[in-house]
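Enquirer: Pasting a structure here, questions to come.
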Amino acid sequence: MAKSATRKFAGTFFRNRVSSRKRPFFGSIECTRQCNSRCTFCPIGNERPEFKKGQMNTEEFCRVLDQFAEFDIIAVSFLGGEPTLRKDLGELGNHCDRTGLLSQVSTNGITLADNADAYTRALDVLVVSLDTLDPQKYKDIRGVDKYDAVVQGVREAVRLSKPNKCAVLVNTVICSQNIEEITAIVKYSKELGADGIMLDFATFHDYWTTMTTEGSRYDPKKMDWRNRADDVRRLVPELIRMRKQYPILTGKSYLETFVTGDFRYRCHPYLFCCVNKTGEIAVPCYDSSITKFYSLLDGKRRLKDFWFDPEVREARRKVKDCTTCYMHCIVEPSKVLGEPLRNMGDLFGWINTFRRHGRV
């Protein structure tokens with residue numbers, strides 16, 4: 001019988017507290033670099049064609065998932081591009097279920113309404129992006145006129161979520177163009193019936209501009225939330241207060257970072273295992289200046305053997321003081337699981353989340 005998410009979480013947490021051989025809690029796999037949006041805060045939909053070439057087939061993808069399961073990873077996030085452009089997404093979710101992995105998909109929700117039954121049956125968590133309540137602003141930010149389709153998709157997924165045992169979350173990327181709407185989006189997400197609301201501040205790396213096409217819609221200078229830093233400092237305390245009334249899953253420790261503006265937290269990249277679309281693990285993470293990629297499909301080493309290689313451990317050590325990234329998926333785990341005694345409230349919040357949505 002597969003271990004429950006809560007048991008895996010507890011086992012990995014206590015093992016990591018007493019051992020120098022630290023294991024990841026979470027895995028993420030870049031399903032594809034193809035995307036049906038062209039967001040102004042994201043380079044992927046605006047990339048040159050050479051960056052989109054090649055991706056794992058179903059059998060290769062499942063081989064990576066098997067290695068995650070062998071290593072007692074709790075949950076895997078399917079990322080993009082847009083993961084729903086893969087026709088085998090449901091099959092991949094079912095493979096996670098067979099191997100005891102919780103599966104989570106981050107989607108723009110454009111095609112969700114037509115596929116809500118299949119996705120909520122195959123996947124444990126659906127995370128749907130909703131960055132504004134204004135259809136015209138949605139088009140301006142995302143580059144496609146699909147606001148109504150996304151809202152319809154969320155409604156349909158929520159309707160099916162209980163019978164199909166799937167949690168439906170709304171994710172909002174905070175940028176300079178939507179700061180005044182964030183509290184309204186949180187309230188609307190609850191009205192839609194979402195199980196949770198995630199808030200993520202848009203991240204920008206300088207080198208991303210070198211990957212985009214001529215005439216790209218990617219506009220980090222315009223979209224950077226730091227253009228409205230004073231508004232952010234007023235917004236975040238309100239969001240922290242709203243956590244008492246609304247199902248905001250984003251932790252207080254992450255949100256507080258954007259009040260102080262102090263990103264000198266200690267990064268703990270061993271907490272997450274990042275794999276790109278061709279089955280290569282990114283060490284220490286996707287976007288470090290020292291990142292190298294190593295294949296998990298060449299048959300030389302499996303993840304559980306590779307993870308503790310001295311070269312890999314040294315790469316993770318080198319970025320412990322990295323301050324170039326403030327992605328939710330990196331900052332919050334580093335604060336909550338890397339510094340648990342300082343962030344005990346968020347830690348208990350994570351445990352309760354696994355109890356609600358994990359296989360207990």
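Enquirer: Once the Cα gyration tensor of the chain is diagonalised, what are the square roots of 5 times its eigenvalues, in whole Å and ordered largest first, as equivalent ellipsoid semi-axes?
Expert: In descending order the semi-axes read 28, 23, 23 Å.
Enquirer: Okay, moving on. So what is the diffusion coefficient of segment 82-132 in µm² per second by Stokes-Einstein at 20 °C and 1.002 mPa s, using a Kirkwood Rh over Cα pairs? Provide the component values of the computation, followed by the final result.
Expert: On the way: Rh = 11.1 Å.
Here the translational diffusion coefficient equals 193 µm²/s.
Enquirer: So, one more: At a Cα cut-off below 17 Å, give the aspartates and glutamates reachable from LYS165, other chains included and same-chain residues fewer than 8 away excluded.
Expert: GLU91, ASP97, ASP117, ASP124, GLU156, ASP195
Enquirer: Considering the options PHE308, ALA282, LEU296, tell which one lies farthest towards the positive end of the dipole of segment 276-337, charges being +1 on Lys and Arg and -1 on Asp and Glu at the Cβ, about the Cα centre.
Expert: PHE308
Enquirer: May I pose another question? Filter the chain for me: DSSP H helices, axial length by Cα at least 24 angstrom, mean Kyte-Doolittle hydropathy not below -0.5. List them by residue number.
Expert: Working: long enough: 147-164 (26 Å, -0.38).
Within the chain the helices that satisfy the rule are 147-164.
Enquirer: Then there is this: Need one number: % antiparallel among DSSP beta bridges in the chain, to the nearest 5.
Expert: Antiparallel bridges make up about 20 percent of those DSSP assigns within the chain.
Enquirer: Based on the alpha-carbon gyration tensor of segment 1-159, what equivalent-ellipsoid semi-axes (square roots of 5 times the eigenvalues) come out, in whole Å, largest first?
Expert: 30, 18, 16
Enquirer: Which log10 I(q)/I(0) values, to two decimals, does segment 93-202 give at q = 0.14, 0.23 Å⁻¹ under the Debye formula with one point per Cα?
Expert: Treating every Cα as an identical point scatterer, log10 I(q)/I(0) equals -0.52, -1.24.
Enquirer: What ranking of HIS95, HIS268 emerges when the number of other C-beta atoms within 10 Å of each C-beta is taken as an exposure proxy, fewest first? Each step should come with its number before you reach the end.
Expert: Values: HIS95 19, HIS268 22.
Ascending Cβ contact count within 10 Å gives the list HIS95, HIS268.
Enquirer: For segment 26-357, give the magnitude of the charge dipole about the Cα centre (Cβ charges: +1 Lys/Arg, -1 Asp/Glu; no others), in debye to the nearest 20.
Expert: For this selection, approximately 540 debye.
Enquirer: Further, regarding this structure: Considering only Cα-Cα distances, which of the following residue pairs are longer than 18 Å: LYS8/LYS244; LYS137/LYS222; LYS22/LYS335; LYS139/LYS187; LYS52/LYS277?
Expert: LYS8/LYS244; LYS139/LYS187
Enquirer: A further question on this structure: Arrange TYR207, TYR119, TYR138 by Cβ neighbour counts within 10 Å, fewest through most, would you?
Expert: With the sparsest Cβ surroundings first, the list reads TYR207, TYR138, TYR119.
Enquirer: For the residues VAL173, VAL312, what sequence is obtained by ranking on other C-beta atoms within 10 Å, fewest first?
Expert: With the fewest neighbours first, VAL173, VAL312 line up as VAL312, VAL173.
Only the coordinates and a few stated rules stand behind these numbers; no lab work does. Worth saying up front: this structure is predicted, and the values here are computed from it rather than measured. Note: ideal-geometry Cβ built from the backbone for every residue, glycine included; neighbour counts use all protein chains shown.
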